[in-house]
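Here the structure is laid out as structure tokens; the discussion comes afterwards.
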């Protein structure tokens, strides 16, 4: 299991890493790490809802929780119990981050500064809501 505190540390570090990459002009990397920050924050929120001390991490830990073994932000949001809240009050932010997926690391699309900054801002706002 990844402890809830470790999840907090991880998503906080990914946001900080995204900002450092942004400041260095590495907009694609910044965008990509924001997506992971949101994914990790969603998993932390799921732990809170289910009163778990941590999130499954190994194949064995996922055996009875297969539906949670996903990178889909939409699927993870559904498990948080906050889908209606997020989509009704922060739909623009959700739409921004929900364009992310782990395969975006292979995407040839060039992310510009405005898009990367928008992703950072949306990520920070959503994590506060989770």
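In what order do 68, 7, 50 fall by count of nearby beta-carbon atoms within 10 Å, going from fewest to most?
50, 68, 7
Remark on the range 22-73: Rg and Dmax equal 13.9, 42 Å (Cα only).
Could you list 27, 62, 79 in order of exposure, starting from the residue whose Cβ has the fewest other Cβ atoms within 10 Å?
Values: 27 21, 62 14, 79 17.
Ascending number of Cβ neighbours within 10 Å: 62, 79, 27.
Which value at 222 nm does the chain reach when only helices count, each DSSP H run of 4 or more adding -39,500 (n - 2.57), with the total divided by all residues and rounded to the nearest 500 deg cm²/dmol? That comes out to -21000 deg cm²/dmol. Sorted ascending by nearby beta carbons within 10 Å, beginning with the fewest, 115, 123 become 115, 123.
Work out, in µm²/s and without decimals, the Stokes-Einstein translational diffusion coefficient of the chain at 20 °C, 1.002 mPa s, Rh from Kirkwood over C-alpha pairs.
Roughly 144 µm²/s, to the nearest whole number.
How far is helix 4-23 tilted, in degrees, relative to the longest principal axis of the Cα atoms in the chain, given as a value from 0 to 90 rounded to the nearest 10? Between the helix axis and the principal axis of the chain, the angle is about 10 degrees. Stokes-Einstein diffusion for the range 75-130, with the hydrodynamic radius set to the Kirkwood value over Cα pairs and evaluated at 37 °C in a medium of 0.692 mPa s, equals 269 µm²/s. Note on the range 31-102: Cα convex hull, mean projected area over all directions, 4.8 nm². The range 61-130 and the range 17-35 have Cα centres lying 16 Å from one another.
Any read-out appearing in this document is the output of simple, stated calculations on the displayed coordinates, not a laboratory observation. The structure displayed is predicted, hence computed values, not measured ones. Because the Cβ atoms are built from the backbone with ideal geometry, glycine has one as well, and the counts that use them run over all protein chains shown.
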